[in-house]
Structures are given as C-alpha cells and as structure tokens.
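The values are calculated or read from the model by the stated rules, or taken from the named source; none is laboratory data. What you are looking at is a predicted structure, and each value in this text was computed from that prediction instead of being measured. Cβ sites come from the backbone with ideal geometry, for glycine too, and all protein chains shown count toward neighbours. To get the accessible areas, we keep the full protein, side chains included, count just its heavy atoms, and leave off ligands, DNA and RNA. Shrake-Rupley method; radii C 1.70, N 1.55, O 1.52, S 1.80 Å.
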Amino acid sequence: MAQDKAIFDLIHLEKERQLHGIELIASENFVSQQVLDAMGSILTNKYAEGLPHKRYYGGCQVVDQVEELAIERLKKLFGAAWANVQPHSGSQANAAVMLACLNPGDKILGFDLSHGGHLTHGSPVNFSGKLYKTSFYGVNRETGRIDYDAMEKVALQEKPKMIICGASAYSRDWDYACIRQIADQVGAIILADISHPAGLIATKLLNDPFDYCHIITTTTHKTLRGPRGGVIMMRHDFENPWGHKTPKGELKMMTTLLDGAVFPGTQGGPLEHVIAAKAVAFGEASEAAFTTYAKQVQANARVMAAEFLKRGYTIVSGGTDNHCMLIDLRSKNITGKDAENALVKADITVNKNMVPFDDKSPFVTSGFRVGTAAITTRGINENAIAGIVDLIDKALMNKDNETVLAEVKRDVQKAVHGLPLFAW
Ligand code: DSN
C-alpha cells in the first residue's frame, strides 16, 4: 500500500516544527521513542471492553497483561491502592469521577477557570457546569495564591458534595490538609486533579495529595511525560456516601463505582495501545533518571521566573513551586494574544492565558503561560534559561517588527540546534 503522502508530509512538517522551536506550553512534553512505539503498535487493533480478566471480547489474554502492568506500575509510582488506566483523557477521567460520585444537580466547588482552573472543574460551557450546580474559589488578589479562607466560606455556604482542587495555570503547591479540613466540615468528597504537576508529585518534589484527597485524576502527558490520556487513582477506598446502593441495599465502594463510571458509564473500548504507552511511561517515571529530570524541570522553572522578574515582568503569585508560571502582561501593555502571535513567529510556543481578575476576553487575555517540562526533556538546564528569557523579551518588545522577530527565530534555532527531540 502506498504511504499516505499528504498525512506523512504533514507529520514530517510537525516534527520539524517541534525540533526547531522552543516549546514552552506548560501542558506539553516530548515522549520517548518507546512510548511512541507502544502507542503506534498493533495493540490499536484490539477491542477489550471491560477490565482485565472481565472482558466482553475474546482474545484479550495479551492486552490483559498490558493493562495489569500499567495499573501495577501506576499504583507503585504514586503509592496508590487502586487505579483505572482507561480514561482517554483528563476530561474523561473527571467526567467518570463525577458520574460515580454525584447525581445531576448536585453541588460542586471548583477553582475558577479565569483564575487558573480547568474547564471540567465546573465551567458553564463544560458538562461539569451544565450537569452540576457550581460555585468557585479563586486566588487572593494581593498574593495571587489560593484563597483558602474564601474556599472555606463558599464551602460552608454552599455545602458542595464535591470540592475539586487542581489547576491548568497555577504555579504554587496546594495545601491538601487544609482542603480536607474544609471538606470534612461539609462532608464533601475531594477530587484532586493533578494533571499538571503529576510528574513532580510522583517524584515527591511537591505535596502528596493522596492521604487527604479521596480521588485523584491526572493526565499522563504533561510533567509525567507519557502518551496523551488520563487515569484515576485512590489510596483509600470508601463507601460512596450518597446512594448508589447494591441490590441488597448496601452502599457501593468507590472503586466499584469508578470502574463502572469509566466503562460502561462514559467510555466504550479502552485504547490498549495508549495503555501500553502509559505503562512504558510509568516505568520510565519510576527510574532515578526521571527524578533527576523532574528536579531539573522545577529548577528551570524557578530560574525562568527569576529571569522574567529581573526584566520587569509580573508573575502571578511572584514565582513558582512547580513547572509553570503565569505572566501578567498588563504592566508591559501587551495582550496575551499579541504575545503568543509574536512568539510563534519566532518559533517560541506559548499559550495566551487569562490572568486572575482579567478584564480581557479568553480570546485576547492579559497574560501567557509557560512551563519547563518540554524544554527540560530536550536537555536544557538553568544555564540556558536566561538566554531563552532574553529571546522572549526581545520578541515581545519588538512584536510588530518582522525583521527583529526573524532575527529571534534564527537565534531560537541556534539555541536548540543539536538537541534531541526524544527523551530516551
Ligand atoms: N489543555 C490543558 C492545558 O493546557 O492545561 C488542560 O486540559
């Protein structure tokens, strides 16, 4: 069969783009060759609805072993007692958790999207905001950090059945003990969505949410450096406090409800090729080299934040504990949209992002978000960060000057010349 030239030419072009640019989108990373190989394998041919050894299709004896390995490796990596590795994405994982724990119309309390939260944490344009009654907490206007007092106040007032913590654009660690103390006052289940910092939590560089938060979800492709996908985990099983009883009138355990909420609740056949790639990534993340990598991600982010501050940029919360930061451009009189466009012309990829208390729309925004997970995979360390921030600054200060942007692009290509694309 002739190769599909149109598509493979585009894949080649995308590879060139990834190879020659500086990738600073905080939710992206570069997977290893073996993650890529597993994902592109013949496992994609197999249907395996159900769980290992409890499938609705024959011929699952091999994929059962693949999925069991993924589950065991993931549990070991995070010290979890139970895991489901089938969610196709972080959003699917969150949808399954809400389906398992709540009834439509129940109340949830999440981190405001416009302060750095995620669509699936209650945004009105998402299923989570359409099916459940939402309220939100945000960051303190002065400190840029989560306002736990406000969280408690809203929780006591609204009495949500679920409190969701976790973010898409928040650079500080979370106080899970405090959130548990708030949740216990109203009997709420805590869902911690650790999609962004998962790789730093697995390597114990950030607070461990597992003993405080009832259910944990994460994507597998950000700091965890696996294929695109999601997982759900728990360290302690518990009875769902709100109904969902067995035919004998007993409350069902959360693990049973979560498995059922993934399949058949929200998904059909699991993507066993992606699950294999997840297993490979969990294996890689258990190695000492991954801890070294994660420490470097964090170190690079700290240096990057300091370098932005030196050049007069405002960083929400004044710095970072993890891999990312949110730069508020209001003091520089540039919009997030213009910044993203100028940087893309120079082969530096970031995403525009709303900042807390933003007066601009999500299509324009007053800021942009950067993260260091991807550049660190390519071997960039602290010594190169000042140079990268110089290039960003030069592009932003000359955002309408095509000649200067072309110059920056040449310097970007020099900066990444010879750096490998893949981790292993
Ligand atoms: N879109 C992801 C991110 O960029 O953070 C979250 O889903």
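A quick yes/no check of all residues on (1) in contact with an Asp or Glu (Cβ under 7 Å, 6 or more places away or on another chain); (2) among the hydrophobic types (A, V, I, L, M, F, W, C); (3) open to solvent by 50 Å² or more (accessible area, probe 1.4 Å):
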residue: S114; (1), (2), (3): yes, no, no
residue: G117; (1), (2), (3): no, no, no
residue: N126; (1), (2), (3): no, no, no
residue: K130; (1), (2), (3): no, no, yes
residue: D147; (1), (2), (3): no, no, no
residue: P160; (1), (2), (3): no, no, no
residue: D175; (1), (2), (3): no, no, yes
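Quick one: is E340 more than 16 Å from the ligand (Cβ to nearest atom) and either of a type in the set (K, R) or within 21 Å of S171 (Cα to Cα) (or both)?
no
Being under 18 Å from the mean Cα position of the chain (by Cα) and open to solvent by 10 Å² or more (accessible area, probe 1.4 Å) narrows it down to one of S41, S89, so name that one.
None of the other options fit; the residue is S89.
Tally time: how many residues in segment 20-52 are farther than 29 Å from K414 by Cβ and either touching a strand residue (DSSP E or B) at 6+ places or on another chain (Cβ under 9 Å) or not β-branched (V, I, T) (or both)?
The total comes to 15.
Within segment 114-139, which residues are touching a helix residue (DSSP H, G or I) at 6+ places or on another chain (Cβ under 9 Å) and more than 20 Å from W174 (Cβ to Cβ)?
P124, V125, N126, F127, G129, L131, Y132, K133
Working only within segment 190-207, note down all residues that are open to solvent by 10 Å² or more (accessible area, probe 1.4 Å), more than 20 Å from T376 (Cα to Cα) and away from the ligand (no atom under 16 Å from the Cβ).
N207
Given segment 85-183, what helices (runs of 4 or more DSSP H) lie entirely inside it while holding 3 or more residues that are within 16 Å of the ligand (Cβ to nearest atom) and under 29 Å from L24 (Cα atoms)? Outline the logic, then answer.
Numbers: elements: 90-101, 127-131, 148-158.
The helices (runs of 4 or more DSSP H) meeting that bar are 90-101.
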